[in-house]
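The values are calculated or read from the model by the stated rules, or taken from the named source; none is laboratory data. Everything numeric in this text was worked out from a predicted model, so none of it was measured. Methodologically, a virtual Cβ is constructed for each residue, glycine included, from the backbone with ideal geometry; neighbour enumeration extends over all protein chains shown. Ligands, DNA and RNA are excluded from the accessible area calculation, which covers all protein heavy atoms including side chains. Shrake-Rupley method; radii C 1.70, N 1.55, O 1.52, S 1.80 Å.
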Amino acid sequence: MALSRRTFSALTGSTALGLALGGSGGPGAPSAYAARSVPTGPAPAPPSADGCRHTIGYDRYSLLVDGRRLVLWSGEMHPFRLPSPSLWRDVLQKMRAHGYNAVSIYVAWNYHSPAPGSYDFTGVRDLDLFLRTAAETGLYVVLRPGPYINAEVDGGGFPGWLSATRGTARTDDPTYLSHVDEWLTQVNRIVRRHLFTQGTGTVLLYQIENEYDAHPADATGRAYMSHLYKKVRSDGIDVPLFHNDKGRNGYWVPGSFDTGGEKGGWLYGFDGYPSPAQTPPDWGDYGPGGPKGGAGASPSTPGFVPEFGGGWFDPWGGAFFDGKGYAEARRTRDAAYERRFYLTNLANGLTLHNVYMTFGGTSWGWLPAPVVYTSYDYGAAIDEARNVTDKMAPMHHLGHLLQRVPDFAKLDRAADVHAEGLKVYHLTNPDTGAHVYVARNDGTDAVTTELPTDAGRVRITVPGKDARLLTTGLKLGRRTLKYSTAEPMLCLTAGRQDIALFSGRLGDMAELVLKCPVEPNVMRLDPEAAWVFDNDDNLHVNVPLGEGGLTRVLVEKGETETPLVLLFADDATAVRMFPYDTPSGTLLVYGPALLRHAELRGSEVHLTGDITETTTIEVWGPRGIDTLVWNGRTLPTRVTLSGSLMTTGLVPAAPEVRLPELGGWRMRRENPEAGPGFDDSDWTVADKRTTFSTTPVPEGRPVLFADDYGFHYGDVWYRGTFTGSTGLEEVSLAYSTGTQGLLMAWLDGEPLGAHRMPVPDRDTTIRKGSWADTAVFPVREQLRSPGRHVLSVLVRRMQRDQDGKGLDTHKAARGLTAAAFKGASPQVRWRIQGAIAPDPVRGPMNNGGLYGERQGWHLPGFRDHDWEPVSFPRTARYQGVTWYRTSFRLSVPADVDASIGLTLEDDPYRAYRAQIFLNGWNMGQYINNVGPQHTFVLPNGVLRTRGTNTLALAVLSEFTTLSGPGRVSLTLLGRASGGLPVTPV
Ligand code: IPT
């Protein structure tokens with residue numbers, strides 16, 4: 001489709017504005033006059049599919065949406081890592097309540113495409129539904145459909161079938177591009193219905209490719225990027241496009257490739273994943289820049305980090321976090337880490353931030369790249385079980401600040417400031433006159449020092465490896481702040497009064513000074529606050545930030561008739577403060593764990609949300625509100641001196657949730673494929689001679705790579721038939737799997753043995769790309785008979801490598817790669833079998849080719865009544881595959897959101913692994929002797945929290961040790977009163 005005249009004008013209209021403003025000053029020079037034309041003021045309503053056309057422009061400071069500054073505070077989540085669409089809304093509502101105004105998503109090609117020409121956007125893959133939900137939640141969407149995404153998913157998002165096609169991926173190869181176009185056509189057909197420019201959705205920005213640094217400066221790279229750009233535009237996508245440079249390299253800045261003559265539709269962004277030990281780097285307009293220059297490389301576009309660390313992933317064995325898993329990721333990249341790095345970003349003039357990840361989720365089924373295990377929790381602010389963690393504090397604070405305090409959308413660097421033991425950034429907003437100081441402590445001990453500000457010397461304490469934000473001259477409604485050592489979080493007008501909220505670390509002494517040309521009436525509404533009015537017309541307020549919750553101080557009269565309510569909160573309190581704009585006015589809600597939705601109906605305030613701990617609920621809002629309805633129930637309230645409506649009683653904590661013990665297991669052995677009599681006549685004959693794989697095929701031998709025969713996910717079986725093994729001494733099986741791969745072999749039904757890839761350590765986990773090895777099995781005398789023989793081989797492959805460097809590493813073979821014989825040279829005829837047709841509901845990555853999977857043993861409806869009853873723990877020594885099934889009932893009350901996991905534990909020496917099927921859904925892989933993951937999240941929707949569930953474990957045992965399962969139990973991972981209705985998937 002060609003761009004219609006109207007959509008195009010939506011684009012050029014905005015960017016023309018952006019260029020007019022941004023181009024005026026030139027690099028580094030603040031264009032002060034330009035900014036005056038940009039209105040500041042109260043936060044605009046959250047975005048929605050409002051039926052109005054919008055412009056999306058920018059200047060060097062920020063995005064300009066309909067001509068207004070917008071600071072993007074976006075959180076990354078992956079719909080494909082949460083296979084339950086009802087829970088998308090839950091996570092999105094949590095993001096929005098905690099200060100995010102956007103969600104950034106990858107769309108994974110492999111998740112939607114089981115075969116060339118076949119695309120599926122139904123059920124858990126419903127992109128249209130996701131985009132609708134984001135718009136309904138009031139979040140902008142940053143869309144990243146690749147075609148390459150990396151993301152620690154199989155093949156970096158490339159479909160399995162692409163690994164068996166001609167041409168080099170991530171180049172301008174015509175075959176590759178024809179596949180890419182097919183994918184983008186499918187995605188864009190949906191995205192086009194949700195563009196913010198058109199008023200039909202909230203898609204604001206669109207990324208092409210991902211961290212593409214294979215061909216940054218050559219014709220191939222430019223042609224490829226140009227092709228993608230033009231393709232996306234010709235599909236009717238009229239929002240700004242961008243790319244995420246892998247670092248501050250200056251790759252793919254505006255003008256670096258042909259955009260078909262279109263100007264101003266392209267933003268430059270770069271990613272960053274600093275280690276906690278690192279000193280936060282400078283970049284952008286303020287940093288030294290250097291030859292490459294980061295955001296400085298693109299002086300006319302605003303500073304943009306499309307991915308910045310909100311945690312980090314963990315490989316099999318847990319090498320990155322000392323085997324302690326994501327709890328350790330969250331501990332080492334904690335709230336202070338995020339605050340220190342993100343405040344530095346802010347101080348460097350960045351105004352588009354995306355926190356990767358904000359909710360990591362689960363790499364269920366065969367989705368994970370070999371480098372990661374099932375959990376993709378990431379140590380993110382929202383954990384895999386959808387709990388909001390302590391890390392949310394800085395995210396919540398910064399997100400609300402950037403949306404509610406417009407001074408932060410346009411900051412120029414101001415005179416250098418020095419403070420003993422700290423790195424200080426000093427910035428001002430040239431329009432409002434506010435000054436901003438970011439004081440960072442790169443040492444490990446707390447530093448207390450005097451900071452020389454434009455409002456005088458201010459004594460501050462910054463804990464080790466943390467940072468503090470200090471502001472002077474900020475407008476607080478109709479009054480003006482002189483300075484505050486507590487960090488401003490938001491300022492809004494609710495009803496007849498202004499409200500300003502300041503937050504800080506628990507135990508801080510907050511000192512706030514308000515300029516009061518006329519002495520006001522001051523009332524402390526909570527006993528901890530102290531205040532004094534000095535001779536210089538300053539009101540000093542001091543508040544220790546304790547565990548007692550919110551501290552309120554009312555300032556009335558004086559220079560204005562409009563009262564100002566000053567609120568002080570420590571971090572844990574601040575994350576329970578929720579501003580919410582309704583058509584009839586702005587609300588501020590304090591108390592619950594989550595505010596999902598707010599609505600005014602006459603004098604009634606209707607709120608929905610979650611409660612975890614016992615709490616009061618307090619609401620500031622428009623004049624005349626007198627009734628508080630929480631999750632449909634009217635609560636008794638009183639009006640407080642601060643003008644709020646507050647519950648008189650306590651709202652109780654979420655109730656206990658009891659989980660059943662798991663029992664009633666039944667067992668059945670499988671791998672009949674190992675037996676000589678097994679009928680494999682309907683298996684595919686593996687006799688190809690050529691491949692597009694990067695793995696060489698041994699001279700004169702058949703291609704054995706699973707992908708060449710259409711088996712792209714999970715386990716694959718081989719049966720090699722031959723005659724004449726009389727002198728056979730040894731069988732060598734070369735195979736390639738990714739880390740943790742495993743091979744088991746049988747000759748005429750007799751186990752030859754198992755072989756597995758070594759457990760990677762921190763260095764080899766990423767470097768040893770393809771993970772290929774050779775298993776050598778001696779052949780016992782008894783098997784060296786004349787006649788027909790069958791060699792049966794099961795290969796657990798661990799998915800394709802990612803292709804981060806653009807070297808087609810996703811095309812490294814998976815499965816057997818060669819077989820060799822010592823003492824005999826039999827002619828082997830190979831047959832291969834992997835997963836049968838892709839599951840139409842659960843998708844192509846749910847199943848591999850185990851016998852039980854092919855027979856539906858994982859499915860809830862399968863009849864296992866004749867299986868052998870067993871109980872756990874079990875210990876047995878054998879080589880092969882055994883299935884265990886049971887069912888359990890849950891009866892979680894409908895108004896409780898319980899998050900439940902399955903925990904497996906055993907002697908870590910035992911060499912076995914289990915695939916976990918819940919109601920037929922492959923919720924991940926447990927490797928008992930590798931770990932580190934023991935608890936697997938069972939997402940509601942897949943899990944029936946009110947009803948019966950079927951659990952199936954497919955266990956692969958290696959013979960080298962005894963094998964379990966040991967202890968298998970349900971674990972409660974979170975609970976809240978409230979939640980959302982969940983539709984079963
Ligand atoms: C960057 C990728 O863009 C993203 O997809 C994901 O893989 C992330 O890293 C790590 O989780 S790649 C960069 C860190 C080299």
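Structure notes:
- Cα gyration tensor, segment 5-388 - rounded (a/c under 1.5), prolate or oblate: rounded
- Segment 72-137 - percent of accessible surface contributed by carbon and sulfur, probe 1.4 Å: 52
- Accessible surface of segment 690-840, 1.4 Å probe, proportion on carbon and sulfur as whole %: 53
- Surface per residue (accessible, 1.4 Å probe) for segment 5-388, Å²: 26
- Each of the peptides 725-733, 478-486 was scored by the mean count of other Cβ atoms within 10 Å over its residues; in descending order, highest first, they stand as 478-486, 725-733.
- Residue-normalised accessible area of segment 671-833, expressed per residue, 1.4 Å probe, Å²: 39
- Solvent exposure of segment 906-985, expressed per residue, is 29 Å² of accessible area, with all protein chains present and a 1.4 angstrom probe.
- If R0 equals 35 Å, the separation of the Cβ atoms of Glu561 and Met509 corresponds to a calculated FRET efficiency of about 0.65.
- The order of the peptides 591-599, 791-799 by mean Cβ neighbours within 10 Å, most packed first, is 791-799, 591-599.
- Rounded to the nearest 10 degrees, the inclination of helix 85-97 to the longest alpha-carbon principal axis of the chain is 30 degrees.
- Cα centre as origin, Lys/Arg/Asp/Glu Cβ charges: the chain dipole, Debye: 1340
- Computed packing ranks the peptides 744-756, 641-653 as 744-756, 641-653, most packed first, by mean other Cβ atoms within 10 Å.
- Percent carbon-and-sulfur accessible area, segment 410-647, ignoring ligands, DNA and RNA, probe 1.4 Å: 47
- Summing charges over all other residues whose Cβ lies under 12 Å from the Cβ of Asp534, with Lys and Arg as +1 and Asp and Glu as -1, gives -1.
- Cα-based helix-to-principal-axis angle, 219-234 vs the chain, degrees rounded to 10: 70
- Between helix 392-404 and the chain: long-axis angle, C-alpha atoms, 0 to 90°, nearest 10: 50
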